[in-house]
Amino acid sequence: MTTPQHRHPGGGSRRAAALVGGLAAAAIAVTLAVPAQAAGSTLQAAAAETGRYFGTAIAAGRLNDGTYTGIANREFNMITAENEMKMDATEPSQNQFSYGNGDRILSWAQQNGKRVRGHALAWHSQQPGWMQNMSGSALRSAMLNHVTQVATHYRGKIYAWDVVNEAFADGSSGGRRDSNLQRTGNDWIEAAFRAARAADPNAKLCYNDYNTDNWSHAKTQGVYTMVRDFKSRGVPIDCVGFQAHFNSGNPVPSNYDTTLRNFANLGVDVQITELDIEGSGSSQAQQYQGVVQACLSVARCTGITVWGVRDSDSWRASGTPLLFDGNGNKKAAYTSVLNQLNSGGTTVPGGPTGQPTDPTGEPTTNPTTPPPTGGGSCTATYSEGQKWGDRFNGTVTIRANGNISSWTSTVTVRYPQKIIATWNGSPTWDSSGNVMTMRPSGSGALASGQSTSFGFTVMHNGNWTWPSVTCSAS
């Protein structure tokens, strides 16, 4: 077995990312009651219920391991090559391209009905030796040629590319990382994205980084500013990847869903791309559940990829960070992820295939723009989200039974609870403050079978009772 080459971010920067109020200290219920008919029995099936994918990173050297491939085939429907599509693997000598192991992974994925995320076209690390020794305009030309050649080779076969990886510095500056690529000019990231779009027009183009999980951190803000600038100027960026490498010194931040939502509001998809969480038992399970809940609360969080299959396959093997142990057995973290996926969430618009989907993940013929006339009814379903010592999040999913032109939902909390924050809707309260009426902030029209959701935070003041929810349609 070979050790994965994927790098570990610097320990100092990861310790700096720790958040006192992180989910490590949160009391999150791991077991959720899920209607039997709605439950997916595997990660990919459960994720598909809301139109999302659930993926893993694969190493070509392990494709002959039956236990490894059996788990990967059963549980995951999106595959990332762990190292085999990176710069040093695909262009070991200048203009001499090598796709053998990358093609092996792609072929395995296609044969088993999986899609593939490409990782990564341009990166300061894992460059071939010849590129490490270049600079200036020669390096810029070589980088753009690499992006063009690799993306062209896989044209039409890759769901999304991590076009540029880890270009921002850790610490408080919020600026770019000093690298040989950065020294070719501040527009090198934009140039790489434009080259990737020209080479493979249908692949989603992503920026990917670590330590960008906490909304208040300078690095997160630096990436956000770049993405906002790119969108305003028409630079072709479709998605942002959050690596999500967590441990006890860098737990899942309590504002993780805020980070994902704010990026999504720029008009890009957000994807959790390299998830692993060091630890064990219920603590690890709670952290994993929090990540999944955050993704489910954001409609444009289109999928989650864990960075490896079993603990023994991980680049952080000593930290036992994955969902299966070294023998391939499901861990408590697996159960918490599956239960959270099955608890429901916002449905990805159009699903991962780009087609309208119903909650089982199957394509539907319903129009993407619902008819303006009503006549149907709606149902409201509550699902519990993140929990802290003094408050908890909740999500209400509104589902149309027949075509509806709009909806209104009533949420009633129990004294002395108070709703202190909401999202994805326009709320009003009665005089007691215990009854919130939520209406859509835009069009509330839904075709039969379609759903939408809104969320809120409750300051519980000692009462953990779930709110009651109702829905009426017009």
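The values are calculated or read from the model by the stated rules, or taken from the named source; none is laboratory data. Predicted, not measured: the structure shown is a model, and the values here were computed from it. Methodologically, a virtual Cβ is constructed for each residue, glycine included, from the backbone with ideal geometry; neighbour enumeration extends over all protein chains shown. To get the accessible areas, we keep the full protein, side chains included, count just its heavy atoms, and leave off ligands, DNA and RNA. Shrake-Rupley method; radii C 1.70, N 1.55, O 1.52, S 1.80 Å.
Key figures for this structure:
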{"quantity": "Test result for Ala400, of a type in the set (A, V, I, L, M, F, W, C), assigned to a strand (DSSP E or B) and open to solvent by 20 Å² or more (accessible area, probe 1.4 Å)", "calculated": "no"}
{"quantity": "Residue tally, condition over 30 Å from the mean Cα position of the chain (by Cα) and assigned to a loop (DSSP other than H, G, I, E, B), over the stretch 432-474", "calculated": "7"}
{"quantity": "Qualifying residue in the stretch 158-170 (condition: part of a helix (DSSP H, G or I) and buried (at least 18 other Cβ atoms within 10 Å of the Cβ))", "calculated": "no"}
{"quantity": "Residues that are more than 20 Å from Gln271 (Cβ to Cβ) and surrounded by 24 or more Cβ atoms within 10 Å (Cβ to Cβ), drawn from the stretch 325-341", "calculated": "Ser336"}
{"quantity": "Residue identified as over 24 Å from the mean Cα position of the chain (by Cα), over 26 Å from Ala109 (Cα atoms) and free of Cβ contacts under 8 Å to residues at least 12 places away in the same chain among Ala138, Ala191", "calculated": "Ala138"}
{"quantity": "Among residues of the stretch 412-434, those that are buried (at least 17 other Cβ atoms within 10 Å of the Cβ), of a type in the set (A, V, I, L, M, F, W, C) and within 25 Å of Leu260 (Cα to Cα), counted", "calculated": "2"}
{"quantity": "Members of the stretch 127-157 that are touching a Ser or Thr at 6+ places or on another chain (Cβ under 6 Å) and within 22 Å of Gly100 (Cβ to Cβ)", "calculated": "Val150"}
{"quantity": "Positions within the stretch 47-71 being surrounded by fewer than 19 Cβ atoms within 10 Å (Cβ to Cβ) and assigned to a loop (DSSP other than H, G, I, E, B), in sequence order", "calculated": "Leu63, Asn64, Asp65"}
{"quantity": "Single residue of the stretch 72-103 satisfying the filter (out of contact with any helix residue (DSSP H, G or I) (no Cβ under 7 Å at 6 or more places or on another chain) and buried (at least 22 other Cβ atoms within 10 Å of the Cβ)) that is nearest to Thr148 (Cα to Cα)", "calculated": "Lys86"}
{"quantity": "Number of the exception - Asn112 against (1) open to solvent by 10 Å² or more (accessible area, probe 1.4 Å); (2) of a type outside the set (Lys, Arg); (3) at pLDDT 95 or above", "calculated": "(3)"}
{"quantity": "Failed item in (1) free of Cβ contacts under 8 Å to residues at least 24 places away in the same chain; (2) of a type outside the set (Ser, Thr, Tyr); (3) buried (at least 19 other Cβ atoms within 10 Å of the Cβ), with Val458 passing the rest", "calculated": "(1)"}
{"quantity": "Test set (1) open to solvent by 30 Å² or more (accessible area, probe 1.4 Å); (2) under 19 Å from Thr80 (Cα atoms); (3) of a type outside the set (D, E, K, R); (4) not in a loop (DSSP other than H, G, I, E, B) - Asn202 fails condition number", "calculated": "(4)"}
{"quantity": "Odd one out for Trp130 among (1) under 25 Å from Gly303 (Cα atoms); (2) among the hydrophobic types (A, V, I, L, M, F, W, C); (3) surrounded by fewer than 17 Cβ atoms within 10 Å (Cβ to Cβ)", "calculated": "(1)"}
{"quantity": "Hey, Ala160 in contact with a Leu (Cβ under 9 Å, 6 or more places away or on another chain) and more than 24 Å from Tyr99 (Cβ to Cβ) or not", "calculated": "no"}
{"quantity": "Yes/no for Leu260 being among the hydrophobic types (A, V, I, L, M, F, W, C), part of a strand (DSSP E or B) and surrounded by 24 or more Cβ atoms within 10 Å (Cβ to Cβ)", "calculated": "no"}
{"quantity": "The stretch 298-315 - residue that is in a loop (DSSP other than H, G, I, E, B) and open to solvent by less than 10 Å² (accessible area, probe 1.4 Å) and, of those, nearest to Gly345 (Cα to Cα)", "calculated": "Val298"}
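Results for (1) under 16 Å from Thr305 (Cβ atoms); (2) of a type outside the set (A, V, I, L, M, F, W, C); (3) outside any strand (DSSP E or B), shown as yes or no for each residue.
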| residue | (1), (2), (3) |
| --- | --- |
| Leu106 | yes, no, yes |
| Gly113 | no, yes, yes |
| Arg117 | yes, yes, no |
| Met134 | no, no, yes |
| Ser141 | no, yes, yes |
| Asn145 | no, yes, yes |
